[in-house]
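Structure first, then comments.
The values are calculated or read from the model by the stated rules, or taken from the named source; none is laboratory data. This is a predicted model, so every value here is computed, not measured. When the accessible area is computed, the model is the full protein with side chains, heavy atoms only, and any ligands, DNA or RNA have been set aside. Shrake-Rupley method; radii C 1.70, N 1.55, O 1.52, S 1.80 Å.
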Amino acid sequence: MASTIVAADLTVSIQESYTLNGVLYGNTTNKIYTSNGQVSQRVMSIAGVADRTSFTNILALSTVDGQGQVVQANYKYFRITNLDTVNTLQLRLHNATDYLAFEVAPASSFLLMDAGVDVPASASAVLVLADITQISGQSSSVSEAIDIEFLIVTS
């Protein structure tokens, strides 16, 4: 099948600016991800649950593209933003057996800019970000849902 999609580069810029006692601190960092052909962006609601064990599936990473999932091997960049101004996003990154948990504060973002390496809670093996199979989350409130936005770019 011939495609009309032309791969493009993604440029991510992070700018920090802080002035303390008249002295400016900060920097601008740019990173370019080349030859990307797919992007998914979505705003969705994440439930607050009383049992603290139920999480809303946000995105799956698999071997094929499909509804709510992208090809794991083509991962380049992921950003998730907690759009709520009061409640925290409890974020989980899963592989087949372990997960990493993060808190994303109100009106804050979490970035996965590379397929880096982290250690799971058991510390018996490494969890490579390229091995992530599921991203899920829940609201820190047991009764109030939160809105999140995510952007994922794959080749």
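For this structure, a couple of remarks:
- Surface analysis of the chain yields an accessible area of 58 Å² per residue, using protein heavy atoms and a 1.4 Å probe.
- Converting phi to 3J(HN,Hα) with the Karplus coefficients 6.51, -1.76 and 1.60 and the offset θ = phi - 60°, region 140-155 yields 6, 8, 6, 10, 10, 6, 10, 9, 10, 10, 10, 9, 10, 10, 10, 7 Hz in sequence order, with x at every glycine or proline.
- Every Cα-Cα pair in region 1-124 was counted, and those over 25 Å apart are 40% of them.
- The alpha-carbon atoms of region 45-106 define a convex hull whose volume equals 107 cubic angstrom per residue.
- Within the accessible area of the chain, the carbon and sulfur atoms contribute 51%, probe 1.4 Å, all protein chains present.
- The relative contact order of the chain, computed from alpha carbon pairs under 8 Å that lie at least 6 residues apart in sequence, is 31 percent.
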